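Taking it in order: structure first as structure tokens, then the write-up.
The values are calculated or read from the model by the stated rules, or taken from the named source; none is laboratory data. This structure is a prediction, so every number in the text was calculated from the model and none was measured. Note that we place each Cβ from the backbone using ideal geometry, even for glycine, and neighbour counts take in every protein chain shown. Just so you know, the surface numbers come from the protein's heavy atoms only, side chains and all, with ligands and any DNA or RNA stripped out. Shrake-Rupley method; radii C 1.70, N 1.55, O 1.52, S 1.80 Å.
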Amino acid sequence: MLLKDIRDYQILFLGLFLVLGIATRDWTLRPELIGVAIATCLATQWILSFVISHWSLVNAQEQKTNDTAYIRNLRSALITSLGLSLLLRADHWLTMALAATSAIASKFLFQVGKKHFFNPANFGIICALLLAPDAWVSPGQWGEQWWYGLLFAGTGGMILQRIGRWDTTAAFLGAYSLLEAIRNLWLGWTWDVYWHRLMSGSLLLFALFMITDPRSIPNARIARVIWAVCIAILTFILRNYFFISTAVFWALFTLAPLTILLDVLWSAERFSWLGDGVGRWGDEGDE
């Protein structure tokens, strides 16, 4: 592989999706807002990392060294900024800055055992929706063209194979698809209605690139499956009975703290990144 770190591929793919969406879907994206998202995420990551590194001077030298390495790595912040640019829409740059700042800050503020449990991009999106009147998310922005799905599945599958998180995506999509199929049969609808509800580019992006974040989801496989199924059930309820178009994002945000309980019930080593960007289990590593 030309790139050693799998996160570099994730950055490349998300950047490709952003360019593709602007070029083929007539998105009304303002370039300056994308710039604000990227700059704010990177700056917030560096500042908060620097503060923590300075604070850790009272600790052992080994901890100080780990924090210094953590400062240099801004890949996760860049991935978060691209995720926000893909999913969140706003009229003012302050709204995008709010989303980016809260997204990165959530990694430092909401931790249990040095592990954050909120997905950063998801947390930033929810904060913007709650606090800013000009923020919105368009779940149908990718339309229903089949080749988008193939592109997302191919690129996302490559990443999931390397980090070993196919179980989470399969559990979420499998449970959600089953619930929609049962509802479709109960209402006596034709199957084209069923496929219409599943063929969503945003749903695939969520399942492949957001719900599978290895640093914030449960550690044990059985816990990840249970967690993903719970998110699928809540998404189904919010979408079909409360008619919330952004149900997947609210479901992930609401059930994110469940990770803490599941990690206690099913103990397993925590995921971390190695220097070559390949995931392994252990307590060391960066975000």
Requested in this report: Go ahead and run the numbers for FRET between LEU94 and LEU16, Cβ-Cβ distance against an R0 of 35 Å, rounding to 0.05.
Outcome: 0.80
Query raised in the report: Given labels modelled 7 Å from the Cα in the Cβ direction, how far is it in nm from TYR241 to GLU32?
Result: 4.5
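Return a whole-number percent for the relative contact order of region 135-206, with Cα pairs under 8 Å and 6 or more residues apart as the contact set.
Working: 38 pairs, mean separation 44.2, N = 72.
That works out to 61 percent.
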Report summary line: Note to self: Kirkwood Rh of region 141-246, Cα pairs, one decimal, Å, is 14.4
Query raised in the report: Counting other Cβ atoms within 10 Å of each Cβ, which trypsin sites (Lys or Arg not before Pro) in region 103-157 have at most 12 and sit in a DSSP loop?
Result: LYS114
Query - Accessible area of THR254 in the full protein assembly, 1.4 Å probe (Å², nearest 10) - result: 80
